[in-house]
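Encoded as structure tokens, the structure appears first; notes follow it.
Bear in mind that the values in this text are calculations on the coordinates, not laboratory data. As the structure is a computational prediction, the values presented were derived from the model and not from experiment. Neighbour counts run over all protein chains shown; Cβ positions are idealised from the backbone, glycine included.
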Amino acid sequence: MLITDVDETLQRCVDYHGHFCAGQSLGVRIAKKGLELVAPEDLKDLIVFIENDRCIADAVLMATGTRLGRRNLKYADYGRMAATFINLKKDIAWRVSLIPGEKEKNDRPDAKEYVLTLPDEELLVWKKVKVTLKKEDLPGKPLRTVLCARCGEKVFDGKDATDPATGEGPLCRACMNGAYYEEAE
Ligand SMILES: [Zn+2]
Ligand SMILES: [Zn+2]
């Protein structure tokens with residue numbers, strides 16, 4: 001599962017994403033490095049955390065073959081240009097980010113072509129990390145499903161909680177912490 005043909009991979013990313021941008025080039029570079037570092041033999045050994053939901057997120061998912069709906073792509077809402085690659089079988093993880101303070105490289109008008117030409121050492125930082133994954137967060141059949149005691153909706157994968165103040169539970173996160181939406185009249 002290595003990226004051997006950068007041009008072909010980049011083209012698939014561009015087709016999926018809808019335009020050719022620096023995010024596609026950077027995402028392919030980050031994905032290529034991450035796959036080299038953790039070297040999964042099979043997609044089922046791979047989990048990827050992506051740290052933003054901008055252009056590079058599409059490139060990383062296309063270049064690695066991971067998908068949110070397959071549970072092998074995780075979204076960490078950090079707004080950073082980085083991704084972490086986990087090989088479950090080898091129990092190793094590497095986080096790949098861009099060299100800090102090198103913004104001008106990525107902001108050049110020709111950045112989308114330019115960053116493809118740079119050696120890894122001039123573009124990327126990679127660090128070995130440890131990621132603790134809950135078994136409920138791994139791919140496979142849901143291990144736990146409960147009904148929220150307040151809204152009655154089904155809550156998968158241990159995302160429920162019990163209110164420590166009142167003991168009410170199980171509660172979905174929307175009922176527990178407040179939702180991102182309000183009901184409209
Ligand atoms: Zn883009
Ligand atoms: Zn609820």
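Would you please give the FRET efficiency between residue 39 and residue 149, computed as 1/(1 + (r/R0)^6) with r the Cβ-Cβ distance and R0 = 41 Å, to the nearest 0.05? It would help to have the intermediate numbers written out before the result.
On the way: r = 45 Å, r/R0 = 1.10.
Given R0 = 41 Å and the Cβ-Cβ separation, E is 0.35.
About the Cα centre, and with charges only on the beta carbon of Lys, Arg (+1) and Asp, Glu (-1), how big is the dipole of segment 81-155? Nearest 20 debye, please.
On the way: 16 positive and 12 negative charges, 160 e Å.
Dipole of segment 81-155, to the nearest 20 debye: 760 debye.
Hey, what angle do you get for helix 6-17 against the long axis of the chain, alpha-carbon based, 0 to 90 degrees rounded to 10?
So the inclination is approximately 40 degrees.
For the chain, what mean projected area does the convex hull of the alpha carbons give, in nm²? It would help to have the intermediate numbers written out before the result.
Working: hull surface 54.9 nm².
Averaging across all directions leaves 13.7 nm² for the Cα convex hull.
Roughly how tilted is helix 55-64, in degrees to the nearest 10 and between 0 and 90, from the longest Cα axis of the chain?
For 55-64 against the chain, the angle is about 90 degrees.
Would you mind calculating the relative contact order of the chain from Cα pairs under 8 angstrom and at least 6 residues apart, reporting the percent as a whole number? Present the calculation step by step, with values, prior to reporting the outcome.
Working: 313 pairs, mean separation 31.0, N = 185.
17 percent.
So, by mean Cβ neighbours within 10 angstrom, what's the order for 52-59, 135-142 with the highest one leading?
Values: 52-59: 20.1, 135-142: 10.9.
Ranking the peptides 52-59, 135-142 by packing returns 52-59, 135-142.
For helix 22-38, report the angle its Cα long axis makes with the longest principal axis of the Cα atoms of the chain; keep it between 0 and 90° and round to the nearest 10°.
80
Which of the pairs 33/128; 90/112; 44/128; 89/134 have their Cα atoms more than 24 Å apart in this structure? Walk me through the numbers on the way to the answer.
Working: 33/128 12 Å; 90/112 33 Å; 44/128 20 Å; 89/134 15 Å.
In this structure, 90/112 lie more than 24 Å apart at Cα.
For residue 137 and residue 183 in one chain, what is 0.36 nm times their gap in residues minus the Cα-Cα distance, to one decimal in nm?
Working: separation 46, 0.36 × 46 = 16.56 nm, distance 2.91 nm.
Working it through step by step, the gained length comes to 13.6 nm.
Divide by every residue of the chain the summed helix terms, -39500 (n - 2.57) for each DSSP H run of at least 4, and state the resulting mean residue ellipticity at 222 nm, rounded to the nearest 500 deg cm²/dmol. Intermediate results must be reported in sequence, preceding the final value.
Details: 7 runs with 60 residues, N = 185.
Helix contribution divided over all residues of the chain: -9000 deg cm²/dmol.
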